[in-house]
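See below for the structure under consideration.
The values are calculated or read from the model by the stated rules, or taken from the named source; none is laboratory data. Note that the structure is a prediction, hence the values are computed from the model and not measured. Neighbour counts run over all protein chains shown; Cβ positions are idealised from the backbone, glycine included. Just so you know, the surface numbers come from the protein's heavy atoms only, side chains and all, with ligands and any DNA or RNA stripped out. Shrake-Rupley method; radii C 1.70, N 1.55, O 1.52, S 1.80 Å.
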Amino acid sequence: MPSAHYFPLELHASDDDQDCEEQEQLVDTDHRSSMLSNQYNLHYHPQLADYDNDNRTPELGMGMGMAPRLSRPGSSRRRYWLPMLIITSFCVIFYLMFSSQALGLGGSFNDGDDDFEPHSGQGKRWVPFPYQVSELKFLTNEHKIENQNSSSSHALNESLHICSESHEDRRLYMQDKPHSAYAQLPVIYFVTPTYPRREQIPELTRLAHTLLHVPRIHWLVANDYERCDTYMDMLLNRFGIPFTHLSSPMPHKFRSTKPAPRGVANRRAALQWIRQHNLTNGVLYFGDDDNTYDLRLFSEIRQTQRVSMFPVGLIADYAVSGPVVRDGKVVAFLDSWVAGRRWPVDMAGFAVNLAYMSLYPNVNMPYKPGYEEDLFLRSIGLHIDQIEPRGMNCTEVLVWHTQTKSKKAPIVRLEKKFLDGRSNLGALFRSLKEMGVASVSDTEGPLATISKNGKGKAHSYFLS
């Protein structure tokens, strides 16, 4: 694939905010750098040094050559501190006003109904710090996107591989209709972030058998793994669904943070892939590998004109998260964790039309745990009156945030000499090891029990 230049994925505020306290909740200084660098292998300048408040306030004192004046004890001290207090207060107010503008958060907050024209030099742009744009190469077959002009030691070092992909739909029938019957439908780009664990392959297999029933879909599977997983390549290709397998590991600087921004690097990689292909037709949806999807969901989101939203079941304390709808319009949101978010929704609770998203070339999803959805929707200039409620005006739950209980992959003690071609066990455990489900050792782990008629026997009894 040829080399290409890209704009940095910058944050754009969709409208004015509500007050300075909400601003502090949404953008704390500990995470500013993670919200900035959203280009692959993007290097950015370190944060500007804090303004020296001592230099901002001129030193006040007696004027040169002034004769001393008789006064009551302490009066000269009051004359000294009063002007100093006034000037210091003025400097603090001046700093707060212009520091908020520097962050692009605006000076006034409202419900998001003001006009906003992004990316044309108008409106409020959310660009925390200076940055450097690098030339990118996007290559297949295990080649990384490389930074040609890197100079900063504070880069995120995001990497992206295209491990394999297929644009051919090999399914002949879907929902009792031939493939050709769906040719006019817009494509759904279904983005699934995933990571290596014991349950990964079973989760993807289950999800694939849902997607097999969905026409006109392209499955973007982004794996948080530094290398391409050949077993996953084989698995995805087997289903016959158009797919792209991406290797997009989380930058190391975020792996030690608590909580870690899991899935962000994968979704950012998918957004970059969409930009690489200049896709402006279709619908984008973020679908985790452990969720449960009603097939009606896909028919609902396929008609998205800008941004559609719908309830997600099994979310936090209320067991549901989603919009509040009156007279067919979204007016508010129900979610047990608001935390200053303008858009308190789950990642699986919205879909975006690509033609609409293409109007915002600096779309971004920052490394800020808990605020990924909110800041992504802000970056595409969303207004509450643009939201399209789906699922019978948000009265139906069409996606469930189910979660599989995760356990560490076990080691089973079984003599490797018995894992040759004399039985199925050799091939079975080799497959399980490739999937990351289980492995075999001669010396570690619980001894494997092989039984017949309710009684365990020595391995050699069956396998010698």
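Here are Leu359, Leu375: which of them is surrounded by fewer than 21 Cβ atoms within 10 Å (Cβ to Cβ), within 21 Å of the chain's Cα centre (by Cα) and not aromatic (Phe, Trp, Tyr)?
Numbers: Leu375 fails: surrounded by fewer than 21 Cβ atoms within 10 Å (Cβ to Cβ).
Testing whether each residue is surrounded by fewer than 21 Cβ atoms within 10 Å (Cβ to Cβ), within 21 Å of the chain's Cα centre (by Cα) and not aromatic (Phe, Trp, Tyr) leaves just Leu359.
Checking Lys417 against (1) of a type outside the set (Phe, Trp, Tyr); (2) surrounded by 12 or more Cβ atoms within 10 Å (Cβ to Cβ); (3) outside any helix (DSSP H, G or I); (4) in contact with an Asp or Glu (Cβ under 9 Å, 6 or more places away or on another chain), only one condition comes out false. Which one?
(3)
Go through the stretch 221-244 residue by residue and tally those that are under 20 Å from the mean Cα position of the chain (by Cα) and under 12 Å from Leu204 (Cα atoms).
Summing the residues that are under 20 Å from the mean Cα position of the chain (by Cα) and under 12 Å from Leu204 (Cα atoms) in the stretch 221-244 gives 3.
Among what's in the stretch 170-202 and is within 30 Å of Ala438 (Cβ to Cβ) and of a type in the set (Phe, Trp, Tyr), pick the residue that is most open to solvent (accessible area, probe 1.4 Å). Can you show your working first?
First, the residues of the stretch 170-202 that are within 30 Å of Ala438 (Cβ to Cβ): 190-202.
Those still in the list that are of a type in the set (Phe, Trp, Tyr) too: 190, 195.
On the way: Phe190: 0, Tyr195: 71 Å².
Result: Tyr195.
Is it fair to say Leu211 is on the phi < 0 side of the Ramachandran plot, touching a residue at least 60 places away in the same chain (Cβ under 8 Å) and touching a strand residue (DSSP E or B) at 6+ places or on another chain (Cβ under 9 Å)? Steps first, please.
On the way: on the phi < 0 side of the Ramachandran plot: yes; touching a residue at least 60 places away in the same chain (Cβ under 8 Å): no; touching a strand residue (DSSP E or B) at 6+ places or on another chain (Cβ under 9 Å): yes.
Taking the combined requirement at face value, the residue does not satisfy it.
Please go through the stretch 268-281 and pick out each residue that is surrounded by fewer than 21 Cβ atoms within 10 Å (Cβ to Cβ) and either assigned to a loop (DSSP other than H, G, I, E, B) or in contact with a strand residue (DSSP E or B) (Cβ under 6 Å, 6 or more places away or on another chain) (or both).
Of everything in the stretch 268-281, those that are surrounded by fewer than 21 Cβ atoms within 10 Å (Cβ to Cβ) and either assigned to a loop (DSSP other than H, G, I, E, B) or in contact with a strand residue (DSSP E or B) (Cβ under 6 Å, 6 or more places away or on another chain) (or both) turn out to be His277, Asn278, Leu279, Thr280, Asn281.
Out of Ser299, Ser308, which single residue is free of Cβ contacts under 8 Å to residues at least 40 places away in the same chain and of a type in the set (S, T, N, Q)? Steps first, answer last, please.
Numbers: Ser308 fails: free of Cβ contacts under 8 Å to residues at least 40 places away in the same chain.
That would be Ser299, the only listed residue that is free of Cβ contacts under 8 Å to residues at least 40 places away in the same chain and of a type in the set (S, T, N, Q).
Please determine, by comparing only the residues of the stretch 287-340 that are among the charged types (D, E, K, R) and part of a helix (DSSP H, G or I), which one is least open to solvent (accessible area, probe 1.4 Å). Don't jump to the end; show me each part of the working.
Going residue by residue through the stretch 287-340, those that are among the charged types (D, E, K, R) are 288-290, 294, 296, 300, 302, 306, 317, 326-327, 329, 335.
Add one more test, that the residue is part of a helix (DSSP H, G or I), and what stays is 296, 300.
Details: Arg296: 116, Glu300: 56 Å².
Filtering the stretch 287-340 for residues that are among the charged types (D, E, K, R) and part of a helix (DSSP H, G or I), the one least open to solvent (accessible area, probe 1.4 Å) comes out as Glu300.
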